[in-house]
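Novice: Handing you this structure, nothing more for now.
The values are calculated or read from the model by the stated rules, or taken from the named source; none is laboratory data. Fair warning: this is a prediction, and the values are worked out from it, not measured in the lab. Ideal geometry is used to build each Cβ from the backbone, glycine not excepted, and the neighbour counts take in all protein chains shown. Heavy atoms of the whole protein, side chains included, go into the accessibility calculation; ligands, DNA and RNA do not. Shrake-Rupley method; radii C 1.70, N 1.55, O 1.52, S 1.80 Å.
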Amino acid sequence: MVTERTLVLVKPDGVQRGLIGQIIARIEAKGYSIEKLELVHATAEQLAAHYEEHEGKPFYQPLVDFMSEGPLVALVASGHGVIPGFRSLAGTTDPTTAAPGTIRGDFARDWGVNVQKNLVHGSDSEESAAREIAIWFPED
Ligand code: DAT
Ligand code: MG
């Protein structure tokens, strides 16, 4: 039995606003395990690889710039169903309409800039998780 794993980022807005603990607490409270965790300043290469699916979209460069504004926390969480489970904890992409009770719904808002600063990233599939874990934890 292979344990399901997902790649979570606490984005620079989450670190800057002092929300690392509250975000990780929700992952732990849900019952998932934290397998790896690191505070890093993302390189241009890491961000280009991580967001390659969004290259060419209007929010791409603002997104990469935002993700470079300060340190972020990369972590690997594990447990059955953790990939959709963390997406559910995070809430929908747009923080204005993300449901209360979710990380984005409770802690994030629209700041009127050209990228949504929505505190967290979570892998959206097993393929994405494997690809993204290799970007942030290449020693694996
Ligand atoms: P998610 O992070 O919910 O998986 P995504 O992969 O579609 O969303 O987009 C990556 C990030 O890019 C997202 O967290 C915030 C930003 N973003 C996405 N769509 C956007 C939009 N229409 N306007 C501004 N920022 C956007
Ligand atoms: Mg995504």
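Novice: Just the residues that are over 19 Å from L37 (Cα atoms) and within 12 Å of ligand 2 (Cβ to nearest atom), please, taken from the stretch 87-123.
Specialist: Applying the first criterion (over 19 Å from L37 (Cα atoms)) to the stretch 87-123 yields 88, 91-102, 104-118.
Once the filter is applied, which keeps residues that are over 19 Å from L37 (Cα atoms) and within 12 Å of ligand 2 (Cβ to nearest atom), the stretch 87-123 yields T92, T93, Q116, N118.
Novice: Just checking: which of the helices (runs of 4 or more DSSP H) contained wholly in the stretch 55-140 hold 2 or more residues that are among the charged types (D, E, K, R) and either surrounded by 15 or more Cβ atoms within 10 Å (Cβ to Cβ) or within 14 Å of ligand 1 (Cβ to nearest atom) (or both)? Spell out the reasoning first.
Specialist: On the way: elements: 60-67, 82-90, 103-107, 126-136.
Where helices (runs of 4 or more DSSP H) fall fully within the stretch 55-140 and carry at least 2 residues being among the charged types (D, E, K, R) and either surrounded by 15 or more Cβ atoms within 10 Å (Cβ to Cβ) or within 14 Å of ligand 1 (Cβ to nearest atom) (or both), they are 103-107, 126-136.
Novice: Somewhere in the stretch 16-24, is a residue outside any loop (DSSP other than H, G, I, E, B) and surrounded by fewer than 15 Cβ atoms within 10 Å (Cβ to Cβ)?
Specialist: Filtering the stretch 16-24 down to residues outside any loop (DSSP other than H, G, I, E, B) leaves 16, 20-24.
Filter once more, so that each one left must be surrounded by fewer than 15 Cβ atoms within 10 Å (Cβ to Cβ): 16, 21.
Scanning the stretch 16-24 turns up at least one residue that is outside any loop (DSSP other than H, G, I, E, B) and surrounded by fewer than 15 Cβ atoms within 10 Å (Cβ to Cβ).
Novice: Name every residue in the stretch 39-53 that is open to solvent by less than 70 Å² (accessible area, probe 1.4 Å) and outside any helix (DSSP H, G or I), in order of residue number.
Specialist: V40, A42, T43, Y51
Novice: Here's another thing I want to ask about it. Report every pair of residues separated by at least 6 positions or lying on different chains whose Cβ atoms are under 6 Å apart, first residue within the stretch 102-120 and of a type in the set (A, V, I, L, M), second open to solvent by 60 Å² or more (accessible area, probe 1.4 Å).
Specialist: V115/F59
Novice: While we're on this one: Quick test of your reading of the structure: K36 fulfils all but one of (1) without any contact (Cβ under 8 Å) to a residue 40 or more places away in the chain; (2) open to solvent by 30 Å² or more (accessible area, probe 1.4 Å); (3) not in a loop (DSSP other than H, G, I, E, B). Name the failing condition by number.
Specialist: The number of the failed condition is (1).
Novice: Shifting gears a bit: Let me confirm something: among G122, G101, G91, which residue is of a type outside the set (K, R), more than 26 Å from A44 (Cβ to Cβ) and within 13 Å of the chain's Cα centre (by Cα)?
Specialist: Details: G122 fails: more than 26 Å from A44 (Cβ to Cβ); G101 fails: within 13 Å of the chain's Cα centre (by Cα).
Going through G122, G101, G91 in turn, the sole match is G91.
Novice: Mind checking which pairs have a first residue in the stretch 72-94 that is farther than 13 Å from L7 by Cβ and a second that is at pLDDT 95 or above and small (G, A, S), Cβ under 7 Å, 6 or more apart or different chains?
Specialist: G79/G31; G79/S33; G91/A98; G91/A99; G91/G105; T92/A98
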